[in-house]
Amino acid sequence: MFRTHTCGELRLSDVNTEVILSGWVAGSRDFGSLTFVDLRDRYGITQLAFNEEINKELLLQARELGREYVIQVKGKVAERSNKNTKIPTGDIEIIANEIKVLNVSKIPPFTIEENTDGGEDLRMQYRYLDLRRESVRKKLELRHRVAQFTREYLSKNGFLEVETPVLIKSTPEGARDFVVPSRMNEGEFYALPQSPQTFKQLLMVAGFDKYFQIVKCFRDEDLRADRQPEFTQIDCEMSFVEREDVLQTFEGLVKHLFKEEKGLEITQIPRMSYADAMYNYGSDKPDIRFGMTFHYLDDIAKGKGFGIFDNSQSIIAICAKGAANYTRKQIDELTDYVKRPQIGAKGLIWCRYAEDGLKSSVDKFFSTTDLQKWAEKCSAQVGDLILVLSGDTTATQKQMNELRLYLGTQLGLRDNSVYSPLWVIDFPLLEWDEEAQRFFAMHHPFTSPNPEDISKLDSNPASVNANAYDLVINGVEVGGGSVRIFDKSLQSKMFKILGFTPDEAQKQFGFLMNAFEYGAPPHAGIAFGFDRLCSLFGGSDSIRDYIAFPKNNKGRDMMIDAPSTISQEQLNELSLSITITDKK
Ligand code: ASP
């Protein structure tokens, strides 16, 4: 038997018990006649005590133990004289009477402690050592729990977990596919699923009624901190439902997860239309933990001789409560922030509402009475700071969104322990792409138009809203889905609007359209970004921490060193030859 107990288990009530523990040497402290070794496993740390007076030979043996050696120890549980209140086993120690080295270890490249000296790259390369750190392991424990709670809720509500294939045909979700060459079908490729979208719809045609899957998806996109080329979704689909049914069902899931994982009761999740979200927050995923919504000053700030405003499509202001005491330096810093190329504003206008009245950066053009109107429009009071951007409406909304979030963080309004979920609904169905001179589906081509908009599909497709919804939590898009088209002729029309010829549509999606001819039920669904959900629950911005073996921001697995080249033999087998062309 390797162990009778784990390293996180023993308490005062176990004193005098003979035990066997196995684990890793986390560290040791040598006091001459006395040596202490911390033994670590997944469950915690237990102190082992070696005393010269009790067993000199064993003490010498203990001193030889290197960091991360795997050992087995036999001994008796004793009460510690010097208790450690920071760990659950801190009241006891093991008076060892036998050590067995099960395996030795090289000196690890970084210290396996909370405050490790290892940089990100090194920890990624030795991820199996990083995973020995408690905080890292805890994140994966959270992930396990959230997966369990998800399965629990969905199973209880009649959803069946069904696996769908990983080697498939391209699904058009808007991103690039990862492809896999087929040896048996020369010159042909599988694609890895960007999501199981078409399969879950086919499961509805098959009559499965309620499906879910916690599933890996793959998208070959440029990476950011919160993106991974392979990620996990909680993917769901239901039949004989309308939008309201879906929102209710998954509001239930969200509430269940918050209750079980965070002990938080979420009351009703508010809803906001895409149009309102863009108008008031300049984002389709607004962080509603705080206000600071947009105010449009066009009526009151144009025609006063200030050319920049006069030539703008929109003049947008936000009111930063209590920020009138911002120094010139702080305001300059905000100006530099919005002028960064990624944000692209030309400048920032400000107006302070101080004790002694209103003062702005454009006093030359605007009288106190004018500024008073700004203040009224923004519901600003003494002590507040109004910040204004102007220009093309869409661009200005986007810039102001960035500034609002930046200021929200600066003013401490984005507390990670506060959760404000929101449904964003009524997205436009289509997005016009100037470069390609064609429409793209904003969600995906299987999304149904809002029932009342179907008649506008021919006359004014750009004005049609989709029967789609996103779940946003704290400004992060956590999930999204839609009511689907289940009628072949509407689906064909949609493909036509998206620029597919009937032949192309048949070639790419014939399998789905054919299935729609065999009694497809009305259906709808949603998918949640599981890694993202976990990182939100963990109060972190990075999904990488919640993935056991993540890739870096170049899409590389630093540990196994992938991607990598393959042998000529493999290439031959696949009938592939490779020519690398210089993209520059
Ligand atoms: N398949 C969609 C996605 O991955 C979600 C859905 O419509 O259910 O975004």
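With a ≥ b ≥ c the root eigenvalues of the C-alpha gyration tensor of the stretch 449-584, is it rounded (a/c under 1.5), prolate (a/b larger than b/c) or oblate? Before the final figure, lay out each step's value.
Numbers: a/c = 2.44, a/b = 1.33, b/c = 1.84.
It is oblate, given that a/c is not under 1.5 and a/b is not larger than b/c.
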What order do you get for 82-88, 194-200, 564-570 when each peptide is scored by the mean count of other beta carbon atoms within 10 Å, highest first?
194-200, 82-88, 564-570
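Counting Lys and Arg as +1 and Asp and Glu as -1, what is the net charge of the other residues whose Cβ lies under 14 Å from the Cβ of Tyr69? Working shown, then result.
Values: positive: Arg40, Arg63, Arg67, Lys100, Lys106, Arg132; negative: Asp38, Asp41, Glu64, Glu68.
Result for the local shell: +2.
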Rounded tilt (10° steps) of 502-515 against the dominant C-alpha axis of the chain
60 degrees
Shape call for the stretch 378-523, from the Cα gyration tensor axes a ≥ b ≥ c (a/c under 1.5 means rounded, otherwise prolate when a/b beats b/c, else oblate), comes out prolate
Among the lysines, select those whose C-alpha is under 25 Å from the C-alpha of Lys200, and discard any that sit fewer than 8 residues away in the same chain.
Lys156, Lys169, Lys210, Lys216, Lys255, Lys488, Lys493, Lys496, Lys507
Per residue, the convex hull enclosing the Cα atoms of the stretch 518-582 spans a volume in Å³ of 246 Å³
Dipole magnitude of the stretch 1-78 about its Cα centre, charges +1 at Lys/Arg Cβ and -1 at Asp/Glu Cβ only, in debye to the nearest 20?
160 debye
Leading residue at positive end of dipole, the chain (Cβ point charges), from Pro451, Ile473, Thr198:
Ile473
Pull up the DSSP beta bridges for the chain and report the antiparallel fraction as a percent, rounded to 5.
95 percent
Both in Å, the radius of gyration and Dmax of the C-alpha trace of the chain are 30.1, 94
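Treat the count of other C-beta atoms within 10 Å as a stand-in for reagent exposure and order Tyr190, Tyr279, Tyr469, Tyr128 from fewest to most.
Numbers: Tyr190 18, Tyr279 15, Tyr469 24, Tyr128 10.
Final ranking by Cβ density, sparse to dense: Tyr128, Tyr279, Tyr190, Tyr469.
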I need the trypsin sites (Lys or Arg not before Pro) found in the stretch 220-279, filtered to DSSP loop residues with at most 16 other beta carbons within 10 Å of theirs.
Arg224
Convert each backbone phi in the stretch 390-401 into a coupling constant with the Karplus relation 6.51 cos²θ - 1.76 cosθ + 1.60 (shift: θ = phi - 60°), then list the ³J(HN,Hα) values in order as whole Hz, x for Gly and Pro.
8, x, 4, 4, 4, 5, 5, 4, 5, 5, 5, 4
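Report the GluC sites (Glu not before Pro) located in the stretch 144-204 that are in a DSSP loop and have at most 13 other Cβ atoms inside 10 Å of their Cβ, or state none.
Details: sites: Glu152, Glu161, Glu163, Glu173, Glu186, Glu188; in loops: Glu163, Glu173, Glu186, Glu188.
Here the GluC sites (Glu not before Pro) that fit, given the DSSP loop and packing criteria, are Glu163, Glu186, Glu188.
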With a 10 Å Cβ neighbour count serving as the proxy for reagent exposure, in which order, fewest first, do Ser489, Ser283 appear?
Ser489, Ser283
From the phi angles alone, apply the Karplus equation (6.51, -1.76, 1.60; θ = phi - 60°) to the stretch 236-249 and give each ³J(HN,Hα) in whole Hz, x where the residue is Gly or Pro.
9, 8, 9, 9, 6, 9, 10, 3, 4, 4, 5, 4, 5, 4
For the chain, averaging the sequence separation of alpha carbon pairs under 8 Å that lie six or more residues apart and dividing by its residue count, the contact order in percent is 13 percent
How many angstrom lie between the Cα centre of the stretch 285-353 and the Cα centre of the stretch 224-269?
35 Å
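Could you line up Phe159, Phe549 from fewest to most neighbouring Cβ atoms inside 10 Å? Don't skip to the answer; put the middle values down first.
Working: Phe159 22, Phe549 13.
Fewest-to-most Cβ neighbours within 10 Å comes out as Phe549, Phe159.
Distance check, please: which entries in Lys56/Lys86; Lys138/Lys262; Lys329/Lys398 exceed 22 angstrom between their Cα atoms? Walk me through the numbers on the way to the answer.
Numbers: Lys56/Lys86 30 Å; Lys138/Lys262 14 Å; Lys329/Lys398 24 Å.
From the list (Lys56/Lys86; Lys138/Lys262; Lys329/Lys398), the Cα-Cα distance tops 22 Å for Lys56/Lys86; Lys329/Lys398.
Which order do the peptides 98-111, 508-521, 534-547 take when ranked by the mean count of other beta-carbon atoms within 10 Å per residue, highest first? Don't skip to the answer; put the middle values down first.
On the way: 98-111: 13.1, 508-521: 15.3, 534-547: 19.8.
Output ranking for 98-111, 508-521, 534-547: 534-547, 508-521, 98-111.
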Got a sec? Charge dipole of the stretch 222-330, +1 on Cβ for Lys and Arg, -1 for Asp and Glu; which of Thr249, Ser283, Leu264 is way out at the positive end?
Ser283
Angle, helix 488-497 long axis vs. longest principal axis of the chain, Cα atoms, 0 to 90°, nearest 10?
80 degrees
Could you work out the helix-only [θ] at 222 nm for the chain, with each DSSP H run of four or more residues adding -39,500 (n - 2.57) and the total divided by the number of residues, to the nearest 500 deg cm²/dmol?
-8000 deg cm²/dmol
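Read-outs: derived from the displayed coordinates by stated rules, not from any lab. Everything numeric here is computed off the predicted structure, so don't read it as measured data. Positions of Cβ are backbone-derived with ideal geometry, glycine not excepted, and every protein chain shown enters the neighbour counts.
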